[in-house]
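Asks: Quick one: this structure, given as structure tokens, is what I'll be asking you about.
The values are calculated or read from the model by the stated rules, or taken from the named source; none is laboratory data. All figures in this text were calculated on a predicted structure; none of them were measured in a lab. With ideal geometry, Cβ positions are generated from the backbone for all residues, glycine too; neighbour counts draw on all protein chains shown. Remember, those area values only see protein heavy atoms, side chains included, never the ligands or the DNA or RNA. Shrake-Rupley method; radii C 1.70, N 1.55, O 1.52, S 1.80 Å.
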Amino acid sequence: MKEQVAEPKQELKQEPKQELKQELKQELKQKLKQKLLQEPVLEPISEGRQKNFINHIRPRFVPGGALTVLYTFCLGGLSFLAFVVLGITGFLLMFHYQPGESTGFSSLLTIASVIPYGGVIRNLHYWAGQVMVVTVNLHMLRVVWTHSYKSPKQLNWLVGVSLLILVLVLDFTGYLLIGSQESGAAATVAVNILGLIPGMGTSLAQILFGEPTSLSGSTLVVYVWHCLGLPLVALFLQLYHFWRIRRDGGVRPL
Amino acid sequence: MARSPIKHLIEKEGIAALFFLVFCTALALKFPAGVGTSNQAPSVSHAVAPWIFGPFQILLLYLPPWLGALVFPLLLIAGVAGLPWLVDLWGVKSGQRIFVVFFGLIMILLIWFMVKEFWWT
């Protein structure tokens with residue numbers, strides 16, 4: 001009988017203990033979860049994926065805080081995406097565009113109004129270029145605001161500034177390739193500005209722009225720079241830029 | 001700051017890329033890119049630079065070419081490129097101030113250009 005009476009008492013004592021244990025467990029779980037969220041997140045990447053080209057561009061290790069969209073706003077990545085869009089649409093435009101004073105403007109009109117989807121592809125090329133200038137500038141602003149240019153990232157900052165200048169030059173050469181009167185005026189101004197550089201100005205203008213007229217900036221020289229020379233340099237610098245981010249310790253929150 | 005339930009960077013990049021592509025396509029479908037004036041047409045009296053080079057046009061309009069088109073832009077580029085070293089000289093907080101001065105100057109010139117070429121005329 002004594003045992004029968006004692007049993008419910010033990011149960012009564014065990015119930016609060018179990019509740020306490022469960023509460024403690026939940027607290028521990030929450031603390032662990034919070035700690036895990038603060039710790040750097042290791043992206044699970046297999047060995048095969050680690051070696052491929054995409055993961056050379058993308059970082060293998062990403063600190064947890066830097067995963068917040070509002071930290072980077074994905075501006076660097078979006079600039080690269082714009083570059084890819086520009087590459088694809090530019091490649092498609094190359095099938096029909098013919099550089100030259102008399103052919104540049106007319107081939108552009110053909111693309112815009114005759115070739116199926118030519119107008120949309122050209123518009124996409126144009127708008128991706130405009131948006132890229134905006135995202136690159138905003139990316140630069142974000143880098144300054146989060147002090148991401150400081151040691152040891154000075155070299156990458158210089159690469160970024162070079163990329164900004166390259167993007168602007170690419171935009172300018174693209175404008176010249178329209179072959180309109182306005183592009184001719186712009187080419188004339190650019191040639192005259194380069195001519196101000198003592199000694200090598202005229203030669204530099206010849207190398208960069210060829211011989212544009214005041215009525216059309218479209219030349220074969222500008223076309224080659226715009227479609228091949230400058231994009232290749234920009235692509236190489238971008239890949240180096242991404243690799244340097246990894247090398248310098250990745251994107252880190254404040 | 002509230003954390004997003006999406007934890008992997010590639011998923012966030014994918015979503016951002018999707019929004020970006022939709023945005024660019026919408027712009028491309030809605031606003032056709034300009035072609036300018038044909039070189040067969042009568043000469044235009046006043047050529048307006050694309051908005052990206054608006055600050056240049058303003059500088060060239062009011063300053064001598066060697067100053068507005070060479071010295072001033074080169075100083076600006078040198079100042080922006082040398083930011084990490086300027087910060088070492090003048091302190092950490094100066095970085096944002098220096099950049100705001102450079103960036104602000106370009107923005108003022110751009111707004112000046114926009115007002116002059118698109119709104120005033």
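Asks: I'd like the mean, over residues of B:50-56, of how many other protein chain beta carbons sit within 10 Å of each residue's own Cβ.
Replies: The per-residue average across the peptide is 5.
Asks: With a 1.4 Å probe and every protein chain left in place, tell me how much accessible area B:Ile108 has, in Å² to the nearest 10.
Replies: Here the residue's solvent-accessible area equals roughly 110 Å².
Asks: Let me make sure I get this right: for segment A:158-228, a, b and c are the square roots of the gyration tensor eigenvalues over alpha carbons, sorted descending. Under 1.5 in a/c it's rounded, otherwise prolate if a/b > b/c, else oblate. Which is it?
Replies: oblate
Asks: Here's a follow-up. Where does segment A:107-238 land on Rg/Rh, using Cα atoms and the Kirkwood Rh?
Replies: Looking at segment A:107-238, the ratio lands at 1.04.
Asks: Of the heavy-atom accessible surface of chain B (probe 1.4 angstrom), what whole percent is carbon and sulfur?
Replies: 75
Asks: Students sometimes get this wrong: rank A:His226, B:His8 by accessible area, probe 1.4 Å, all chains present, largest first.
Replies: In descending accessible area the options line up as B:His8, A:His226.
Asks: May I pose another question? Do you know which residues of segment B:86-110 lose at least 30 square angstrom of accessible area in the protein assembly compared with their chain on its own, with a 1.4 angstrom probe?
Replies: The answer is B:Val92, B:Gln96, B:Phe99, B:Phe103.
Asks: Report the residue, chosen from B:Leu18, B:Leu63, B:Leu89, that carries the largest GNM mean-square fluctuation when chain B is represented by alpha-carbon nodes joined by springs under 10 Å.
Replies: Greatest mean-square fluctuation among the candidates belongs to B:Leu18.
Asks: Next question, about the same structure. Return the distance in nm (one decimal) between the two label points of a simple spin-label model at B:Val101 and B:Val44, each offset 7 Å from Cα along Cα→Cβ.
Replies: 3.7
Asks: With no solvent and one point per C-alpha, what does the Debye sum give as log10 I(q)/I(0) for segment B:51-119 at q = 0.26 Å⁻¹?
Replies: Relative scattering, expressed as log10 I(q)/I(0), comes to -1.08.
Asks: Please report, ordered by residue number, every helix of chain B (full DSSP H runs) that is 20 Å or longer along its axis going by C-alpha atoms and whose mean Kyte-Doolittle hydropathy reaches 1.6.
Replies: Passing helices, by number: B:94-114.
Asks: Using a 1.4 Å probe and counting only protein heavy atoms, arrange B:Trp112, A:Trp157, A:Trp127 so the residue with the most accessible area comes first.
Replies: B:Trp112, A:Trp127, A:Trp157
Asks: In peptide A:208-219, how many Cβ atoms from other protein chains are near each Cβ within 10 Å, on average?
Replies: Mean partner-chain Cβ count within 10 Å for A:208-219: 1.
Asks: Nearest 100 Å², what total accessible surface is buried between chain A and chain B (probe 1.4 Å)?
Replies: 5200
Asks: Right, here's the next one. Output the pairs from A:Lys29/A:Lys153; B:Lys30/B:Lys116; A:Lys153/B:Lys116 with a Cα-Cα distance over 28 Å in this structure; if there are none, say none.
Replies: Pairs exceeding 28 Å: A:Lys29/A:Lys153; A:Lys153/B:Lys116.
Asks: In what order, largest first, do A:Tyr240, A:Tyr97, A:Tyr117 sit by accessible area if the probe radius is 1.4 Å?
Replies: Per-residue accessible area, sorted high to low, gives A:Tyr117, A:Tyr240, A:Tyr97.
Asks: Please say if chain B is rounded, prolate or oblate, where rounded means a/c under 1.5 for a ≥ b ≥ c the square roots of the C-alpha gyration tensor eigenvalues, and otherwise the choice is prolate for a/b larger than b/c and oblate otherwise?
Replies: Oblate is the answer for chain B, as a/c is 1.5 or above yet b/c matches or exceeds a/b.
Asks: Report, as an integer, the average count of C-beta atoms from other chains found within 10 Å of each Cβ along A:109-119.
Replies: Across the residues of A:109-119, the mean count of other-chain Cβ atoms within 10 Å is 1.
Asks: In segment A:190-206, what residues drop by 30 Å² or more of accessible area when the other protein chains are put back, versus the chain on its own? Use 1.4 Å, and skip ligands and nucleic acids.
Replies: A:Ile193, A:Leu196
Asks: Using the heavy atoms of the protein chains and a 1.4 angstrom probe, tell me the accessible area per residue for chain B in square angstrom.
Replies: Each residue of chain B exposes 64 Å² on average to a 1.4 Å probe.
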